[in-house]
Each structure stands twice: as C-alpha cells, then as structure tokens.
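The values are calculated or read from the model by the stated rules, or taken from the named source; none is laboratory data. Remember, predicted model here, so these are calculated numbers, not experimental data. Glycine gets a Cβ as well: all are built from the backbone with ideal geometry, and neighbour counts include every protein chain shown.
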Amino acid sequence: MNDFIFDTLLIKNGQIKDLFIHKKNFKENAKWIGYDFKEEMYDSLLREVIKSEIEHKKDPMREVKLNIFLFEDGRIEYKKKLYEKNINRCLLFDGYIKRISAKRYLKDNIYIDLYKKNKRYFKDFLDVILVNEKSEVCEGLTSNIFFMKDNVFYTPEVSCGLYDGVTKERFIKDMEDSNFDVRRCSILLKDIFSFERCLITSSLKGIIEVEEILFKNVSDFKDRFIVFKKCNRTLPVEDAGK
C-alpha cells in the first residue's frame, strides 16, 4: 500500500463544514510532503459525495464522517460513514509518529495500520493520542489536544509532530479574544499528570472536554490512566476554561 495523507471532514445538512479551509490546508500539506494534489479531482470527488447526501439534507440529526485520502501516486479516494459520538475518553499510544525531517513528523501513513491492529479498542474512545520519540505529546489521529492549568491553555507546538487543525486555530483565536492565555509548547508525557483539564478539537467532533486518558503501549506508564476531575462537560464552547 502506498503512503498517504488524509483529512477528516464533517457533513451535516448536506454540506461539508469549513470546506474552503480544509481544501486549502490539504493542498498545502500535499505540497509540503511532495504529493501530487489534483484540485479538479478533489472537487469532483466532493461533488460526488455531496450528491450522495442530497436525500438526507433535511435530516438535522444526520452527521457523516468523511475521510479524504491522497496517495503518493496522486490518487484521491474517500470513505464515509455515519458519525457516532463516543464517551469522553481517549487512548494514548507511544511510538506511532514517524520523523521525516529535523523538525517535522508524519503520522498519516500509519493510520490504517494502527486502526487494524487496535480496532477493538477504538470503538470505546473519542480518539487516539500520539507521542513522538522524545515522549512529547503530539496530537490525536483525527484531533488536536489542549491541556489546562490555572486558567492557562497549553497545546503542543507544531515541531513536536502535528498539523494545526482548522478547529484548533479557531479555538485559540476565540480563547485569546476572551483574554485567555494560550501557550504552544513541548508537553512531555510525565507533565500531563499535573494538568487539571483536557480538551480535543477537530472538525468532526468540534470541541470536547476529555474526562479520562488511558495509556497503552507506553513503556514508562503501562496501564496507567488520568481522570481530569475538573472536567465540566456542560460548558458551552465559548466558555471553555472559565
């Protein structure tokens, strides 16, 4: 199987949320990694997807998860399925981030392998959080992550091995506009035990507060878990952190 990059989008009411921004970021990521992104093929594929959702346009409860895959040889494929919300727990895996330069990593081409090997675990979790070879927290397979302590938000910086997601950037702007301190930094595994709260952001899931993180395949923290006791699932997005 060829290597690939992928993006996760949300279809609701027959429309793809934040399509313009997703397309722009996907195109930039493809260019950065050296893949042949054919814009006409991308647009045609999305028209096909939207056409298939027309009959469900008036169903306000229907939410569809759409994965777009761009392969090394230029092929673009997609998979879609109904989005089912999970309980507010995350798995944390070690050793699944691949270094491809001095400052950047690649996670996308391990997605299917990781999913196949651990499929039975995935159904009970919001997402899988990945860690690089320096024991720095990176991001989820389909989300970005934030921690909070003393009313300050902390999120891994790009050099740790991640992409800045659409919802992440919007969340940071909203929090900074509300006078919250948001810091991009290196977050080591051992440090996350000191945080009071945890949130993940993604175009599919939105902004969700995490109640618990369970460690798996993490040598120094085998079978450990964190429960964020200050988690407040009833907070609206704009009040997160208050």
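The C-beta contact set for the range 186-200 (first residue in the same structural domain as Asn151 (by TED's automatic domain parsing) and over 13 Å from Ile129 (Cα atoms), second residue among the charged types (D, E, K, R) and assigned to a loop (DSSP other than H, G, I, E, B), distance under 7 angstrom, 6+ apart or interchain) comprises Ser186/Glu157; Glu196/Lys230; Arg197/Lys230.
The conditions of being part of a loop (DSSP other than H, G, I, E, B), modelled with pLDDT of 65 or more and not acidic (Asp, Glu) are not met by Leu214.
Only one residue in Ile172, Ile129, Ile208 is modelled with pLDDT of 90 or more, under 30 Å from Phe26 (Cα atoms) and β-branched (Val, Ile, Thr). Which one? Don't jump to the end; show me each part of the working.
Working: Ile129 fails: modelled with pLDDT of 90 or more; Ile208 fails: modelled with pLDDT of 90 or more.
Criteria check complete, one pass: Ile172.
Is it the case, given these coordinates, that Tyr78 is aromatic (Phe, Trp, Tyr), surrounded by 15 or more Cβ atoms within 10 Å (Cβ to Cβ) and at pLDDT 85 or above? Give the steps one after another, and end with the answer.
Details: aromatic (Phe, Trp, Tyr): yes; surrounded by 15 or more Cβ atoms within 10 Å (Cβ to Cβ): yes; at pLDDT 85 or above: yes.
The answer is yes for Tyr78.
Annotation: Glu139 fulfils all but one of (1) part of a strand (DSSP E or B); (2) modelled with pLDDT of 90 or more; the unmet one is (2).
When we screen Lys134, Lys98 for residues that are at pLDDT below 80, assigned by TED's automatic domain parsing to the domain that holds Arg197 and surrounded by fewer than 20 Cβ atoms within 10 Å (Cβ to Cβ), the only hit is Lys98. Looking at Ser194, Ser143, just one residue is within 22 Å of Leu126 (Cβ to Cβ) and more than 16 Å from the chain's Cα centre (by Cα), and that residue is Ser194.
Any idea which residue in the range 188-205 is surrounded by the fewest Cβ atoms within 10 Å (Cβ to Cβ), counting only those that are of a type outside the set (Lys, Arg) and over 16 Å from Thr155 (Cα atoms)?
From the range 188-205, those of a type outside the set (Lys, Arg) are 188-189, 191-196, 198-204; that's our starting set.
Okay, now just the ones that are also over 16 Å from Thr155 (Cα atoms), so 203-204.
Details: Ser203: 24, Leu204: 20.
By that ranking, first place goes to Leu204.
Kindly indicate whether Asp220 is outside the structural domain of Asp18 (by TED's automatic domain parsing), part of a helix (DSSP H, G or I), more than 25 Å from Asn67 (Cα to Cα) and at pLDDT 80 or above. Against the criterion (outside the structural domain of Asp18 (by TED's automatic domain parsing), part of a helix (DSSP H, G or I), more than 25 Å from Asn67 (Cα to Cα) and at pLDDT 80 or above), Asp220 does not qualify.
Can you tell me which residue is nearest to Ile208 (Cα to Cα) among those in the range 161-187 that are assigned to a helix (DSSP H, G or I) and among the charged types (D, E, K, R)?
Of the residues in the range 161-187, the ones assigned to a helix (DSSP H, G or I) are 166-177.
Next, only the ones that are among the charged types (D, E, K, R) stay: 168-170, 173-174, 176-177.
Details: Lys168: 12, Glu169: 15, Arg170: 14, Lys173: 17, Asp174: 15, Glu176: 18, Asp177: 19 Å.
For the range 161-187, the residue satisfying everything is Lys168.
Of the residues making up the range 13-31, just one is among the aromatic types (Phe, Trp, Tyr) and in contact (Cβ under 8 Å) with a residue 40 or more places away in the chain, namely Phe26. Which one is nearest to Lys149 (Cα to Cα), of the residues in the range 190-205 that are modelled with pLDDT of 85 or more and touching a helix residue (DSSP H, G or I) at 6+ places or on another chain (Cβ under 7 Å)? Once the filter is applied, the top-ranked residue is Thr201.
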